[in-house]
Amino acid sequence: MTQTIIASPDISSLEKEVDQIFEAQKKYSQDLKNTSAQERITKLRILKKTILSYREDIHQAVYADFKKSSAEADLGEIFGVLTSISHTIKHLRRWMRPKRIPTPLNMLGTSSQVYFEPKGLSLIISPWNYPFQLAIDPLVYAIAAGCTTILKPSELTPNTSALMKKMLLEIFPENEVAVFEGDAQVAQALLKRPFDHIFFTGSPQLGKIIMEAASKHLTSVTLELGGKSPAIVDESANLKDAAQKIIWGKYMNCGQTCIAPDYVMVQESVKDDLVMEMKTALRQLYGENNPQNSPDYTRIVNQRHFKRIKNLLDDALAKGAEILEGGQSDEEDRYIAPTLLTGVNHDMAITEEEIFGPLLPIIPFKSLQEATTYINTKPKPLALYTFSRKKNNQEYIIRNTSAGGTAINETLAHISNPDLPFGGVNHSGIGKTHGYYGFVAFSNERAVLRQRIGWTTLKMLYPPYTDKKKKTIDTFSKFI
Ligand code: NAD
């Protein structure tokens with residue numbers, strides 16, 4: 001497989017171009033501030049129409065980047081964005097309306113509201129694994145909130161990045177939405193500017209770099225990061241059903257999904273049965289023989305990630321892990337077979353680093369407490385899945401772990417409900433997105449209090465603090 005490489009522009013012309021667009025967007029963000037819901041909805045409708053007219057081109061671009069099938073491109077890249085647009089169009093008027101806030105008794109005579117004002121000029125930096133969805137979805141919310149946006153998509157999926165630039169140039173002037181293709185150097189040039197909000201999706205390591213750069217200007221951030229997301233299967237689970245859902249969630253996009261199960265914890269007594277069902281599920285999805293021949297199995301995005309994942313496998317095998325299924329690889333094709341592993345331990349990098357590829361360690365446990373203790377030794381994950389028929393066990397796991405999101409008896413699907421907040425916690429992310437939460441991420445929730453003119457209850461508390469006023473203060477304290 002060959003890949004197009006985007007050359008980095010020379011640094012002085014890059015800086016000049018960034019300055020020019022930044023200043024133009026800063027100016028225009030003032031005009032956008034007071035756009036109506038109807039004006040923003042019109043833009044979203046045009047975006048939706050354009051995406052639909054480019055559907056075939058999007059399929060071709062993600063296939064050229066890493067052999068993602070058109071069905072997966074529809075499900076994982078395009079439909080999610082279309083859902084976000086439709087949902088936003090439906091609710092934007094309500095989201096934008098100032099929200100009335102109740103008045104406590106000691107503030108009698110005042111009224112309070114929250115206004116949603118656009119933060120202003122936003123920067124979106126997106127990754128390669130869902131290169132279309134993870135760039136355009138935050139843009140939907142930036143448009144809804146009334147922000148201007150500079151988008152810096154990933155250099156690792158250059159065909160999709162170039163296509164998005166072409167599409168967005170057709171719809172928006174660059175003082176409203178601009179795309180800068182390129183690598184870390186381009187991201188760094190952008191990060192020097194005092195944006196009003198940065199929305200970053202990528203690894204926790206890069207998240208720290210982004211947050212450090214944002215701190216120089218006290219720019220607010222949404223960090224959509226990753227981590228090791230566990231799936232827990234207890235002995236009451238329907239094993240066939242659990243296996244199908246775990247295998248689907250893990251092997252969509254070849255394991256390169258931020259919320260893919262990173263490892264499976266299974267109650268010891270049902271481990272062998274679960275593994276058998278997982279092998280069957282793999283055959284159902286990718287054929288009886290060689291998954292490399294399946295048109296539905298995506299490749300690793302580049303040689304660097306291929307080597308990283310292969311090293312995780314080799315390190316685990318050298319330290320005593322065993323392959324239950326798969327293990328084959330083909331470097332030229334950037335193919336690694338769906339691989340189930342057992343016998344992993346703390347000395348292996350595979351149990352410490354986010355795998356972000358098609359290796360799936362299976363770790364047995366005796367009690368739920370043992371499983372949650374193991375999970376809690378690691379940074380808080382982006383997603384946690386639990387497979388159980390017992391409500392008590394489901395609840396025990398939720399209450400004794402922490403995660404950005406959880407699906408019970410399912411994988412991945414919590415990302416698809418636009419009314420659920422999506423995001424991580426600590427190491428797996430800061431801030432939330434999707435639906436209303438996405439709109440709020442790009443908005444300043446401005447507190448507005450209205451006071452009556454003339455006599456007010458507060459004036460009763462102004463100095464000088466006479467004995468009479470002190471008594472009034474005592475009376476006030478009863479209403480707090
Ligand atoms: P990546 O390498 O594509 O990097 C993400 C973006 O950061 C790119 O645009 C890249 O150009 C830019 N970048 C690279 N180096 C930089 C630097 N030094 N300074 C500033 N910007 C820089 O993607 P990745 O980080 O490998 O993505 C994979 C990670 O993203 C995984 O950890 C995954 O779990 C996570 N992820 C999270 C979500 C989510 O929604 N929470 C979604 C997808 C991926």
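The values are calculated or read from the model by the stated rules, or taken from the named source; none is laboratory data. Treat the numbers as computed from the prediction; the structure is a model and nothing was measured. Here the Cβ is made from the backbone with ideal geometry for all residues, glycine too, and neighbour counts use every protein chain on show. All accessible areas refer to the heavy atoms of the entire protein, side chains included, with ligands and DNA or RNA removed. Shrake-Rupley method; radii C 1.70, N 1.55, O 1.52, S 1.80 Å.
Do we find that residue 170 is over 20 Å from residue 26 (Cα atoms) and within 13 Å of the ligand (Cβ to nearest atom) in this structure? Taking the combined requirement at face value, the residue does not satisfy it. Restricting the range 425-480 to residues that are in a loop (DSSP other than H, G, I, E, B) and among the polar types (S, T, N, Q), the residue that is modelled with the lowest pLDDT is 457. Looking only at the range 29-56, residues that are assigned to a helix (DSSP H, G or I) and crowded, with 17+ Cβ neighbours inside 10 Å come to 10 in all.
To keep it simple, each residue is scored yes or no on (1) within 16 Å of the ligand (Cβ to nearest atom); (2) surrounded by 11 or more Cβ atoms within 10 Å (Cβ to Cβ).
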| residue | (1), (2) |
| --- | --- |
| 409 | no, yes |
| 412 | yes, yes |
| 421 | yes, yes |
| 427 | yes, yes |
| 438 | yes, yes |
| 443 | no, yes |
| 449 | no, yes |
| 453 | no, no |
| 480 | no, no |
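Only a single criterion out of (1) within 8 Å of the ligand (Cβ to nearest atom); (2) open to solvent by less than 50 Å² (accessible area, probe 1.4 Å) is not satisfied by residue 205, namely (2). Scanning the range 230-246 turns up no residue that is within 16 Å of the ligand (Cβ to nearest atom), basic (Lys, Arg) and touching a strand residue (DSSP E or B) at 6+ places or on another chain (Cβ under 8 Å).
Filter the range 134-149 down to residues that are in contact (Cβ under 8 Å) with a residue 40 or more places away in the chain and farther than 18 Å from residue 443 by Cβ and give me whichever is farthest from the ligand (Cβ to nearest atom). By that ranking, first place goes to 136.
Only one entry in 257, 222 is assigned to a loop (DSSP other than H, G, I, E, B), out of contact with any Asp or Glu (no Cβ under 6 Å at 6 or more places or on another chain) and within 14 Å of the ligand (Cβ to nearest atom), namely 257. Whether a residue is within 22 Å of residue 142 (Cα to Cα) and either open to solvent by 10 Å² or more (accessible area, probe 1.4 Å) or in a helix (DSSP H, G or I) (or both) was assessed, and residue 59 does not pass this test. Exactly one residue out of 71, 135, 144 is among the small types (Gly, Ala, Ser), open to solvent by 10 Å² or more (accessible area, probe 1.4 Å) and over 30 Å from residue 451 (Cβ atoms): that is 71.
Candidates in the range 328-355 are the residues that are small (Gly, Ala, Ser) and not in a helix (DSSP H, G or I); of these, the one that is least open to solvent (accessible area, probe 1.4 Å) is 337. Scanning the range 316-335 for residues that are aliphatic (A, V, I, L, M) and under 23 Å from residue 276 (Cβ atoms) returns 316, 317, 321, 323, 324. The sole residue among 126, 154, 112 that is open to solvent by less than 30 Å² (accessible area, probe 1.4 Å), out of contact with any helix residue (DSSP H, G or I) (no Cβ under 8 Å at 6 or more places or on another chain) and not aliphatic (A, V, I, L, M) is 112. A search for C-beta distances below 6 Å between a residue of the range 356-368 that is open to solvent by less than 10 Å² (accessible area, probe 1.4 Å) and any residue that is part of a helix (DSSP H, G or I) and away from the ligand (no atom under 16 Å from the Cβ), counting only pairs 6+ apart in sequence or on different chains, returns 359/313; 365/371. Determine which member of the set 64, 71 is farther than 14 Å from residue 132 by Cβ, in a helix (DSSP H, G or I) and hydrophobic (A, V, I, L, M, F, W, C). After ruling out the rest, the residue left standing is 71. Of 280, 257, all but one fail to be in contact with a Lys or Arg (Cβ under 9 Å, 6 or more places away or on another chain) and farther than 22 Å from residue 300 by Cβ; the exception is 280.
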